Amino acid sequence: MTTAQPSPGAAHPGPAAAGQPALPDQRDAPAPVVRGDPVEVSDGVFVIPDNRVPLVPNVGFVVGDTAVLVIDTGLGPRNGAHVLDQARRLAGGRPLYLTTTHFHPEHGFGAQAFRGAATIMYNAAQRAELRRKGAGYIEMFTGMSPAYAAELEGVELTGPDITYDGRAEIDLGGHTAVLQSRGPAHTASDQSIHVDGRVLFTGDLLETRSFPIVPYFPPFDTDVDVAGWITVLGQFLALDPAVVVPGHGEVTDTTLIRDVRDYLDYVLRQTARLRADGASPDDAATAIEKDARARWTTWDSPYWIGLAVRAVYQAGPPERATT
Ligand SMILES: [Zn+2]
């Protein structure tokens, strides 16, 4: 077991940097607490829904005959302990595995509750990204809201027991989970979990009824790769899952994969066009945000449109961004 050490370079995340938009104001946000019972979304596969509470992820459980896999922990040690309790209830003494869809705080920063109670498994890039950025994200999220700070109190960045590269399969007895490295996309080290060729956990590569979360926080974190993300969504469509569990928002189907791919593709093309015309990042962000809000009227969190534009803008000329 390794515990990631704070990186000195991660001490000053981007929200206050000159010329960058501030993070959304979350001071009045509800407490980011995982609540409710697991709901069976497919044979042996359960989700505690996020109920659209900010910074609560969809938490997954795959209950096999011989072991149980937990997917994502919630934000901080108290949520992690609650998710562990729920896992134990479902497992009835069977051994536990824990994995996370990506290293972000609300998905993985409850992992310390699982230390010694589950076999923790990440891909190697996830472990590295957690070590590199974990401390900076604690600082950023703590500063966003007292409710977030309260959940992060006492958090310890928790590394894996096992790492893998590329792809790993966990046989849970009657159910199989395939863990696949997908980054860089939403983060440098996203991971999908594909259960029985039927249920796909995508992490924040998808959110239902929301503009995709594009964590472009220069200079602290600029690893989001919109072109790579679009490629991954094509890979997801090729898997043709019957059930799609996004990082946030309602459990759904492949329609969401198409919708998000269309949106990211639109941002990529529009940004490339405006950039080539000499628009500044600010001007491109303003124009595209206005247009996107008019097109995707049922989606929450328009805040992320501008960050998507900035991420694409800085990624460079369209040759690189073409998929
Ligand atoms: Zn998330």
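The values are calculated or read from the model by the stated rules, or taken from the named source; none is laboratory data. All values reported here derive from a predicted model rather than from experimental measurement. All Cβ positions, even for glycine, are placed from backbone atoms using ideal geometry, and neighbour counts span all protein chains on display. SASA here: full protein model, heavy atoms, side chains in, ligands and nucleic acids out. Shrake-Rupley method; radii C 1.70, N 1.55, O 1.52, S 1.80 Å.
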Rounded percent of accessible protein surface that carbon and sulfur make up, the chain, 1.4 Å probe: 49 percent
Restricting to bridges with both residues inside the range 188-251, how much of the DSSP beta-bridge set is antiparallel, in percent to the nearest 5? 45 percent
Net charge dipole size for the range 183-323 [Lys, Arg +1 and Asp, Glu -1 on Cβ; Debye, nearest 20]: 300 debye
Would you grab the residues whose amide H sits under 5 Å from the one on SER210? Only those 5+ places off in sequence or on another chain, please, with H modelled 1.01 Å from N. ASP300
So what's the gap between the Cα centers of the range 122-195 and the range 261-292, to the nearest angstrom? 30 Å
Mean Kyte-Doolittle hydropathy of -0.5 or higher plus an axial Cα length of 27 Å or more: which whole DSSP H helices in the chain meet both? 124-144, 254-276
Once R0 is set to 56 Å, what does the formula 1/(1 + (r/R0)^6) return for the Cβ-Cβ distance between ASP240 and ASP282, expressed as a FRET efficiency to the nearest 0.05? 0.90
Could you give the radius of gyration (one decimal) and Dmax (whole number) of the Cα atoms in the range 120-178, in Å? 15.3, 44
Given q = 0.16 Å⁻¹, what are the Debye log10 I(q)/I(0) values for the range 71-171, with equal point scatterers placed on the Cα positions and solvent ignored? -0.65
In the chain, with Lys and Arg counted as +1 and Asp and Glu as -1 at Cβ, which of these residues, ALA272, PHE114, THR158, has the Cα nearest the positive end of the dipole, that is, farthest along it? ALA272
P(r), alpha carbons of the range 155-218 - 5 Å bins starting at zero, rounded %: 4, 14, 19, 22, 20, 13, 6, 1, 0
Applying 1/(1 + (r/R0)^6) with R0 = 22 Å to the Cβ-Cβ distance of GLN314 and ASP291, what FRET efficiency is obtained, to the nearest 0.05? 0.65
Tell me the mean residue ellipticity at 222 nm calculated for the chain from its helices only (DSSP H runs of n ≥ 4, each -39500 (n - 2.57), averaged over every residue, nearest 500). -11500 deg cm²/dmol
So for the chain: antiparallel DSSP bridges make up what percent, rounded to the nearest 5? 60 percent
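When DSSP beta bridges are limited to those with both residues in the range 181-323, what percentage is antiparallel, rounded to the nearest 5?
50 percent
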Could you state the accessible area per residue of the chain in Å², with a 1.4 Å probe and every protein chain left in place? 39 Å²
Non-local residues with an amide H under 5 Å from the amide H of LEU98, with H modelled 1.01 Å from N and Pro and chain starts lacking one, are VAL70, THR119, ILE120, MET121
May I have the convex hull volume per residue, in Å³, for the Cα set of the range 165-323? 107 Å³
Using a Förster distance of 22 Å, the FRET efficiency for ARG273-THR252 (Cβ separation, nearest 0.05): 0.10
Only Lys, Arg (+1) and Asp, Glu (-1) charged, at Cβ; the chain dipole about Cα centre in debye: 280 debye
Heavy atoms of the protein only, probe of 1.4 Å, neighbouring chains included. What is the accessible area of THR66 in Å², nearest 10? 80 Å²
As a test question: what accessible area, to the nearest 10 Å², does ARG293 have when a 1.4 Å probe is rolled over all protein chains in place? 120 Å²
What is the Å³ per residue value for the convex hull set by the Cα atoms of the chain? 116 Å³
On a 1.4 Å probe surface of the protein chains, which of ASP28, ASP204 comes out largest in accessible area, and what is the full order? ASP28, ASP204
